Amino acid sequence: MADENAVEFIDSIPDGEGARRATELFAKTYGYQPAGVWDAPGRVNLIGEHTDYNAGLCLPIALPHRTFIALAPRQDAQARVVSSINPGSVATAELEGLEAGGVKGWAAYPVGVAWAMRQAELPVQGFDAAFVSCVPLGSGLSSSAAMTCSTALALDDVYSLGYGSSDEGRVTLISMAIASENDMAGASTGGLDQNASMRCQAGKALLLDCKPGLTPLENVSQQDFDLAARGLELLVVDTCAPHQLNDGQYAARRATCEQAAAKLGVENLRQVADTIAASAGDDPSARRQGLQEALDRLPDPVEVKRVRHVVTEIWRVTDFVRAFAAGDMAESGRLFNASHDSLRDDYQVTVPELDLAVDTAREEGAYGARMTGGGFGGSIIALVDAGRSREIAQKIADRFARKGFNQPRALAAVAAKPAERVA
Ligand code: ADP
Ligand code: MG
């Protein structure tokens with residue numbers, strides 16, 4: 001009886017097993033052996049949501065949950081892809097003459113990477129590939145970037161492009177992964193996910209600055225994020241909320257931010273955050289006053305809310321980095337909470353499942369909890385004392401059952417390594 005509703009924890013697949021399973025699927029599908037196996041992680045963003053496309057800051061960690069790709073190059077320009085999710089079905093595409101949006105369905109993600117490389121006149125021909133993944137799809141944990149980044153790294157390797165081995169080179173591969181999602185899959189993305197998958201380090205959170213024009217050396221810094229050493233865990237709960245039609249919503253949020261920036265006479269909302277912080281310093285009331293003065297110049301109440309979220313969220317990223325480094329978990333948790341409340345009330349991208357999961361985690365003693373990813377469904381994260389994740393996840397599952405929501409799933413997030421070759 002007690003186990004009937006026991007919350008499922010999604011395990012990560014160890015490298016060796018991922019390599020074996022991807023190789024097996026490849027050989028079974030195509031009848032020969034792959035040239036190698038590569039993998040790339042999903043991610044959770046700790047804080048800094050909907051800031052990447054506003055030239056702001058964000059703070060992701062890579063998950064131990066990864067997408068494995070077994071791949072071999074081809075002599076011609078054909079691409080064939082298969083996924084363990086539907087192992088009987090092989091999708092094919094011709095790269096020669098392929099145009100943006102020319103591949104439909106999930107195959108657009110990997111094929112789009114080769115397409116973007118060829119658009120950039122890199123010497124890339126066709127490929128056969130087989131994917132095995134334990135990153136939940138469409139849960140705000142970036143299975144799409146795990147797929148495009150693992151593909152980019154594999155193609156880089158088999159076509160000897162030479163970008164995968166340095167951080168600077170990876171930035172080039174990231175741009176191919178972004179182009180694939182934006183232009184081939186038609187899924188608007190701001191760059192956070194791909195940077196996280198390619199550049200996060202084990203035990204670290206990646207402080208990513210999305211201001212345009214920064215060099216790879218300038219736009220990231222690695223922040224210690226060793227939860228175990230602090231007696232903490234990061235619980236991730238995938239709400240499994242029914243998929244919403246969120247594409248239009250994402251585009252609408254972006255458009256509103258751009259319009260508001262234009263009305264404020266700046267290129268992006270980051271400039272608003274920086275200008276206020278430069279004169280107000282760390283004084284919260286001076287910052288609030290500076291922000292209010294900017295908001296007073298916006299006639300539209302919706303723009304006011306959106307801008308208030310983006311500007312305060314950018315500040316919260318640096319505040320969180322500072323609080324966590326100082327070991328101040330109460331403040332770190334408070335910032336998680338403030339981020340969620342802002343996404344709920346001002347950015348309006350939460351759904352009842354996200355809010356209930358967050359409220360439950362807080363009531364059960366989390367230092368703080370917030371939605372992570374784009375919203376409209378997806379996952380929450382909660383900063384909790386070590387050993388408490390399962391119990392809190394179960395409380396969330398029990399409440400979901402009482403509400404008639406879908407059964408949620410959980411996973412344990414440890415800051416993991418970036419995309420790499422595994423076989
Ligand atoms: P998220 O990146 O948060 O998981 P997205 O909507 O951006 O959500 O990307 C999910 C999409 O990526 C899926 O609908 C599918 O098209 C594609 N995808 C990701 N991983 C896989 C996989 N292992 N097999 C097949 N398709 C995948
Ligand atoms: Mg995605």
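For the reader, a short list of remarks on this structure follows.
- The GluC sites (Glu not before Pro) of the stretch 17-103 that DSSP puts in a loop, and whose beta carbon has at most 13 other beta carbons within 10 Å, are Glu96, Glu99.
- Accessible area per residue for the stretch 285-423, computed on protein heavy atoms with a 1.4 Å probe, is 39 Å².
- For the stretch 149-297, projected area of the alpha-carbon convex hull averaged over all directions, nm²: 12.8 nm²
- Placed amide H near Val44: partners under 5 Å, 5+ positions off or other chain: Ile61, Leu63
- Distance between the 7 Å Cα→Cβ label points at Val302 and Ala255: 0.9 nm.
- Ranked by solvent-accessible area (1.4 Å probe, protein heavy atoms only, all chains present), the residues Ile85, Ile10, Ile47 order from largest to smallest as Ile85, Ile10, Ile47.
- Here the stretch 3-78 is treated as an ellipsoid with the same Cα gyration tensor; its semi-axes, largest first and in whole Å, are 32, 22, 10.
- Carbon plus sulfur fraction of accessible area for the stretch 303-416, probe 1.4 Å, in percent: 47 percent
- Rg/Rh ratio calculated on Cα atoms of the chain (Kirkwood radius): 0.97
- The C-alpha radius of gyration of the stretch 310-423, expressed as a fraction of 2.2 N^0.38 Å, stands at 1.12.
- The three principal axes of the Cα atoms in the stretch 117-197 give end-to-end lengths of 34, 26, 24 Å, sorted in falling order.
- Using alpha-carbon coordinates, inclination of helix 143-158 to the longest axis of the chain, degrees: 40 degrees
- Average 1/r across all pairs of distinct alpha carbons in the stretch 95-141, invert it, and you get the Kirkwood radius: 12.2 Å.
- Pairwise alpha-carbon distances in the stretch 20-64 exceed 13 Å for 67% of all pairs.
- In this simple spin-label approximation, Ala120 and Ala401 carry label points 7 Å from Cα along the Cα→Cβ vector, and these lie 4.9 nm apart.
- Taking Cα atoms only, the orientation of helix 167-179 departs from the longest principal axis of the chain by about 90 degrees.
- For the stretch 106-169, the share of accessible area belonging to carbon and sulfur comes to 46 percent (1.4 Å probe, ligands and nucleic acids excluded).
- For the stretch 285-370, the spread of Cα coordinates along the three principal axes comes to 40, 33, 15 Å, biggest extent given first.
- Built amide H within the under 5 Å cut-off of Gly138, gap 5+: Ser143, Ser144
- On a per residue basis, the convex hull of the C-alpha atoms belonging to the stretch 36-114 measures out at 143 Å³.
- Kirkwood-Stokes translational diffusion coefficient of the stretch 179-266, alpha-carbon pairs, 37 °C, 0.692 mPa s, µm²/s: 200 µm²/s
- Measuring between their Cα centroids, the stretch 133-189 and the stretch 6-28 lie 20 Å from each other.
The values are calculated or read from the model by the stated rules, or taken from the named source; none is laboratory data. This one's a predicted model, so the numbers in the text were calculated from it and none came from an experiment. No Cβ is skipped: glycine too gets one built from the backbone with ideal geometry, and neighbour counts run over all protein chains shown. Note: areas computed on protein heavy atoms with side chains; ligands, DNA, RNA excluded. Shrake-Rupley method; radii C 1.70, N 1.55, O 1.52, S 1.80 Å.
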